[in-house]
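Just below is one structure, and these are the notes that go with it.
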Amino acid sequence: MLRLYQREKYKAMKESILYKEVKNKVVKCQTCSHRCVIAPGKRGTCGVRENIGGKLYLLVYGRAIAANIDPIEKKPLFHFMPGTYTFSISTVGCNFRCGNCQNWTISQFGKTPDVAREMIENSGEDLPPKKVVRLAKENNCPSISYTYTEPTIFLEYALDTMKLAKKAGLKNIWVSNGFMSGETLKLIIPYLDAINIDIKSFDDKFYRENCGARLGPVLENCKAVVKSKIWLETTTLIIPTLSDDEKMLEKIARFVKNKLGDFVPWHVSAFSGAISWKLQHLPETPIGKIKKAYEIGKSAGLKYVHMGNI
C-alpha cells in the first residue's frame, strides 16, 4: 500500500445523500438495492451507514483502507485504456457477504455490533477526494478506480472524487457487484467512464445464499450501463460446485450476447479456496473448467472472452 501522508484529525462522517425517513426517526437507505430500513443507532447491511438521531451517515467518508497503483488489467479491464496504471482506492464495508470473498477482512468490517462506530471512522488513512486526485496525477495514473470493496457503499466519497477527477482530466472506473440502486447509478453515470460488474451466477438462489443479495438488480444495472454508453466488462468467478454448472454459464453468455452486446467482454476466472472467506473447503477451479467456460462464451457469439487466474 502507498504511504499517503501523516494522519490528521479528520471528520469521516458525512450525511448520506440517498435516504428518507420512514417514521419515528427510522430511515430507509436508497443507496443500493437492499434499501435497508435502519432504526436509530443501527447500521445497514454494508456496515458503514448508521442512523444517528434519525439521520443516515456514511462513516468512512475520505477514509481509505487501501490505496494502490494497479495495472488496469487487474480490475479486470482489458479493453479500456490497456497498458495503463490506475490509482485504486477503497474503504471498509460491503453490501454483499460472499463466501468466496478474498478481501473479507476489510469488506466485512463493521458488520457486527461489537465494532463501535469510532472503530469504523478510524479505519484506514485520511485520503480526502482532493488528495486522491492529486496522488493519481503525481503518480502518472490517467484514471482512478473505486475497487477492492463495493464502491456503492462509499458513494458520497466516490462521487465527490469522481467529480474532481473529471475536472482534472482523469477517467473514473468502478469495480462493482452491480447491486447499486437506480438512484445511485443515475448519480454516477455522468462521471463514470468504465465499469467491471460481476455476474456471479445466473441463479438467484446462489445470490441469496452465497452473497446475501439478488440477481435481478445486477442484470438490470448491466443493461442500464450499456444503454448509457459506459464501457462495461463482466466477470464470472467459476467456483467448483457453486457456479461452474455449464447450463448456468450458457445462460450468462447468452445474456451478455443478447441483452448487452457481443462486444461486451466476459472474464471467466478461476477460484482459489485457500484465500477465500468461507469456502476454504472447496478445491481450486480446474483449468479445464475455465477453458470450457471460454468455449461456452465463444460459442454464444461473444467477441471477447478472457480466462483469468490461470
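Does the stretch 14-58 classify as rounded, prolate or oblate by the C-alpha gyration tensor (a ≥ b ≥ c root eigenvalues; a/c under 1.5 gives rounded; else a/b over b/c gives prolate, otherwise oblate)? Rounded shape, in that the Cα axes give a/c under 1.5. The stretch 151-169 and the stretch 243-310 have Cα centres spaced 30 Å apart. Within the chain, the longest segment free of exposed loop sites, counting GluC sites (Glu not before Pro) that fall outside DSSP classes H, G, I, E and B and have at most 15 other Cβ atoms within 10 Å, spans 9-283.
For the stretch 250-303, a/c is not less than 1.5, where a ≥ b ≥ c are the root eigenvalues of the C-alpha gyration tensor, and a/b tops b/c. That puts it in the prolate class.
Classify the stretch 70-225 as rounded, prolate or oblate, taking a ≥ b ≥ c as the square roots of the eigenvalues of its Cα gyration tensor: rounded when a/c is under 1.5, otherwise prolate if a/b is larger than b/c and oblate if not. It is oblate, given that a/c is not under 1.5 and a/b is not larger than b/c. The aspartates and glutamates within cross-link reach of Lys14, meaning a Cα-to-Cα straight distance under 15 Å and a gap of 8 or more places when in the same chain, are Glu50, Glu118, Glu121, Asp126, Glu156, Asp160.
Structural descriptor for the chain: relative contact order 15 percent, calculated from alpha carbon pairs under 8 angstrom and at least 6 residues apart.
The computed percent of Cα pairs over 31 Å apart for the structure shown corresponds, within (1) 27; (2) 31; (3) 36, to (1).
Summarising the amide proton neighbourhood of Glu233: residues at separation of 5 or more, or on other chains, whose placed amide H is nearer than 5 Å comprise Ile195, Asn196, Ile197. 3J(HN,Hα) along the stretch 303-310, derived from phi through the Karplus expression 6.51 cos²θ - 1.76 cosθ + 1.60 where θ = phi - 60°, amounts to 6, 10, 10, 10, 8, x, 6, 10 Hz, with x in place of Gly and Pro. A simple spin-label model places the labels of Ser228 and Val37 2.8 nm from each other, with each point 7 Å out along Cα-to-Cβ.
Readers should treat all values here as calculations from the given coordinates under stated rules, not as data from a laboratory. In this text the structure is predicted, and so the values were computed from the model without any measurement. Cβ atoms come from the backbone with ideal geometry, glycine included; neighbour counts cover every protein chain shown.
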